[in-house]
Amino acid sequence: MTQYHEAPAFLHLIDLASAAFGGQTLVASDEFFAPKENLIQPGRGIYLPDKYTERGKWMDGWESRRKRTSGNDWCIIKLGTPGVIRGVDIDTNHFLGNHPPHASIEGICVEQEPAEGWESATWTPLLTQSELKAGSQNLFPIDSEQTWTHVRLSIYPDGGVARLHVYGDVQATWGHHPDDEDLTSQLKPGEVDLVAARNGGLALSCSDMFFSPMNNVILPGRGSNMGQGWETRRRRGAGNDWMILRLGAPGTLTWIEVDTNHFKGNYPNKCSIEGVNHPHATAEELKAKDAPWAPVLAPTLMEAHHRHHFRQELLNEGPFTHVRLNIFPDGGVSRLRLYGLRDEGPTP
């Protein structure tokens, strides 16, 4: 299969395999030089020229030993939620004389490991054995409308991969999740996070994401550092930064959290939120000057490294299909939570 040479649209989707999204590396054929868990960490991996372990050069990725027998190495990853896979990035960043020359991807949709083990499972090819470039993002589209829960990355015959990103459409898992537990006392019956990535929310466009990607704001948890939020470069001209997000389902908003966790000298001075009910709108239509945005939260002063909660302050509850988060003039936001009631009926 021919890989992309320009950035494809699927890179703006959720990375279903990311550890930050709940993905897990379950088992690998070999991880002698570098552990499989590195495959699904954020970013592209780093290189420390003088760092070694008792087994050899330290590498920020998954690396198997040199194979001296027949066969090939592989790793099985459980996705953070079931989803439709649109594309993959098999990133060999920093792997130059030790990258695999070829790789393939297979998928399966199961609730748990088969009783006879993963080797007995019926895997479906998603990416046939394809050539990889050293030290590069190897981007491939996936042509499948099925839902998958696990993928198997196979490398031929051995070597190292820095990161595996599996981009796709989330199959929503509506309901409360572990990172909601500290908010239980504030949630009313039926309230769910309408914009959470696990519930099908997606960041469609933003003014800038120089330091970190926009979809970070809707990932689970609070993030362990600034890099796990959304941060823009320092604005030197007029205007302000913004992000447009699609809700996982249309709904009415009841309360909002804007979290500036870890952003201390670079948090926004103010933020505001707007909403629109336009089910089939494109990002370009929503960026137009005449888009019918309604005010939800007026421009409000922010604090550093703080969870801001708004309920009584909401000016309009919707229903909405999309929201726009405005920050003034620039800065970083760790998480955005938009709690409310879905229009589709009762929450499971």
Filter pass, V217 being farther than 30 Å from S130 by Cβ and in a helix (DSSP H, G or I): yes
field: Residue that is surrounded by the fewest Cβ atoms within 10 Å (Cβ to Cβ), among those in the stretch 227-258 that are in contact with a strand residue (DSSP E or B) (Cβ under 6 Å, 6 or more places away or on another chain) and over 23 Å from G200 (Cα atoms)
entry: N240
message: I'd like to verify a number: residues in the stretch 259-268 that are crowded, with 20+ Cβ neighbours inside 10 Å and either more than 18 Å from S207 (Cα to Cα) or among the polar types (S, T, N, Q) (or both), how many?
response: 5
task: Please identify the pairs in which a residue from the stretch 278-299 that is acidic (D, E) has its Cβ atom under 8 Å from the Cβ atom of a residue that is in a strand (DSSP E or B), counting only partners at least 6 apart or on another chain.
output: none
- request: Kindly indicate the residue of the stretch 87-106 that is part of a loop (DSSP other than H, G, I, E, B) and free of Cβ contacts under 8 Å to residues at least 60 places away in the same chain and also nearest to D158 (Cα to Cα) among those meeting that condition.
  value: P101
- request: Go through the stretch 270-322 residue by residue and tally those that are among the basic types (K, R) and closer than 20 Å to L341 by Cα.
  value: 1
- prompt: Restricting to the stretch 279-307, what's the tally of residues that are more than 23 Å from the chain's Cα centre (by Cα) and either crowded, with 17+ Cβ neighbours inside 10 Å or not assigned by TED's automatic domain parsing to the domain that holds L336 (or both)?
  reply: 4
statement: Picked from the stretch 36-63 (must be among the charged types (D, E, K, R) and within 26 Å of the chain's Cα centre (by Cα)), the residue surrounded by the fewest Cβ atoms within 10 Å (Cβ to Cβ) is E37
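The values are calculated or read from the model by the stated rules, or taken from the named source; none is laboratory data. As the structure is a computational prediction, the values presented were derived from the model and not from experiment. Cβ sites come from the backbone with ideal geometry, for glycine too, and all protein chains shown count toward neighbours.
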